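Data first, discussion second: the structure below is written as structure tokens.
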Amino acid sequence: MTSKPNKNNYLTKEYDLIFMTQRFSLTHTPPPDKTPAFWFIFRQKNLLVNSENTVELLPRLRGPEELSLHLLRRQFIGNFAGIPCYAAEVAEDQVAPPSYEFRSLRGLLSLLEEDLFFTAGRALQIIHWDRTHQYCGQCGAPTVQENHQHSRRCSRCGLTTFPRLSPAVIVLVTRGREVLLARSPRFTPGMYSTLAGFVEPGESLEECIHREIREEVGVEVANLRYFGSQPWPFPHSLMIGFHAEYAGGDIVVDGEEIEAAGWFPLIKLPPLPPPGSIARKLIEAYLNKYSSNQTKG
Ligand SMILES: [Zn+2]
């Protein structure tokens with residue numbers, strides 16, 4: 001199950017990006033009951049997958065009763081390759097049915113096909129939103145699901161809420177054959193990555209890039225180039241990727257978000273984030289572009 005991306009869908013043609021859930025189509029009209037569907041069933045952040053069938057990890061069911069599962073909530077989210085998709089949640093103490101297991105969605109990034117992984121991420125975000133918006137944030141009355149879109153409307157004051165998205169910039173700072181990588185105390189030992197930070201209200205992406213890089217490592221950048229974007233459903237980020245060139249200053253780490261940072265030669269990179277992540281793609285794209293330019297030059 002592979003398909004080539006339509007390059008016209010992307011904002012830039014500089015890179016051959018594959019960040020989109022190409023086989024997913026958004027619709028709000030669920031199929032008739034008992035239609036076979038993909039079920040993205042979460043127990044907290046863990047997804048129910050088949051433990052015996054590695055070819056088709058996701059359960060394809062006529063309904064959750066096929067696996068005797070009691071759902072706390074369910075949402076129809078659209079179609080994947082023409083197959084209806086449901087997002088659902090079970091209680092924390094739900095035991096996986098025979099030949100199934102609950103696995104961390106993060107850990108499935110390298111196991112699921114990319115567009116299926118991001119469809120699972122979409123499902124997780126919708127479930128998270130549904131769970132956290134049962135009551136109005138303005139007056140506290142119960143909210144009611146609307147059918148024509150993902151939204152919940154307050155039964156008393158009418159306030160409508162949509163799934164929350166948190167835009168964040170993620171930036172590879174380059175200096176010729178070196179790249180600036182940093183590590184957060186949360187990372188696995190030894191791993192370094194690109195710099196990233198959430199966009200503040202009232203801030204443009206460009207302003208955010210300059211501020212975050214200045215705050216985290218104390219350097220200035222120029223020549224920002226949009227790279228691509230990637231939803232990151234933990235719990236609701238939208239990562240917007242850029243390449244930026246070093247323009248001045250010495251590295252001074254902030255000591256909180258960043259515990260170490262440095263310039264790494266492209267030929268001697270430290271352990272990097274997993275394949276499939278936008279951080280890894282930012283680094284690999286620069287690596288490929290730099291080496292092909294060197295070859296040509
Ligand atoms: Zn209200």
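Coordinate-derived values only; no laboratory data. Since the model is a prediction, treat every value here as computed from it, not as a measurement. Glycine gets a Cβ as well: all are built from the backbone with ideal geometry, and neighbour counts include every protein chain shown.
Can you sort 263, 129 by how many other beta carbons sit within 10 Å, fewest first?
Values: 263 16, 129 21.
Starting with the residue having the fewest Cβ neighbours, the order is 263, 129.
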In terms of Cα to Cα distance under 17 Å, which aspartates and glutamates are near enough to residue 268, apart from those fewer than 8 places away along the same chain?
-> 178, 284
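What is segment 156-197 by shape, rounded, prolate or oblate, if you read a ≥ b ≥ c off the alpha carbon gyration tensor as root eigenvalues and call it rounded for a/c under 1.5, prolate for a/b larger than b/c, and oblate otherwise? Mind dumping the intermediate values first?
Working: a/c = 7.07, a/b = 2.48, b/c = 2.85.
It comes out oblate by the Cα gyration axes.
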Starting from the Cα of residue 34, draw a straight line to each of the aspartates and glutamates and keep only those under 17 Å, dropping any in the same chain fewer than 8 residues away.
-> 65, 66
With springs only between Cα atoms under 10 Å apart, run a GNM on the chain and tell me which of 156, 43, 106 wobbles the most.
-> 156
Percentage relative contact order, segment 166-296, counting C-alpha pairs under 8 Å, at least six apart = 33
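Based on the Cβ-Cβ distance of residue 66 and residue 101, what FRET efficiency does E = 1/(1 + (r/R0)^6) give at R0 = 22 Å, to the nearest 0.05? Provide the component values of the computation, followed by the final result.
Details: r = 17 Å, r/R0 = 0.76.
Calculated transfer efficiency: 0.85.
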Once Lys and Arg are counted +1 and Asp and Glu -1 for all other residues with Cβ under 13 Å from that of residue 257, the total becomes -2
Expressed as a whole number of Å, what is the distance separating the alpha-carbon centroids of segment 26-70 and segment 176-228?
-> 38
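For segment 62-130, what class follows from the C-alpha gyration tensor (a ≥ b ≥ c being the square roots of its eigenvalues): rounded when a/c is under 1.5, otherwise prolate if a/b is larger than b/c, else oblate?
rounded
Compute the FRET efficiency between residue 146 and residue 223 as 1/(1 + (r/R0)^6), taking r as their Cβ-Cβ distance and R0 = 51 Å, and round to the nearest 0.05.
After rounding to 0.05, the efficiency reads 0.70.
Counting alpha carbon pairs within less than 8 Å and at least 6 residues apart, what relative contact order, in whole percent, applies to the chain? Don't skip to the end; give the middle numbers.
On the way: 557 pairs, mean separation 45.8, N = 297.
Value for the chain: 15 percent.
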Largest-first semi-axes in Å of the equivalent ellipsoid built from the Cα gyration tensor of the chain are 38, 23, 18
Under the rule rounded for a/c under 1.5, else prolate if a/b exceeds b/c, else oblate, using alpha carbon gyration tensor axes a ≥ b ≥ c, segment 166-296 is classed as rounded
Gaussian network model of the chain, Cα within-10 Å springs - most flexible of 281, 34, 45 | 34
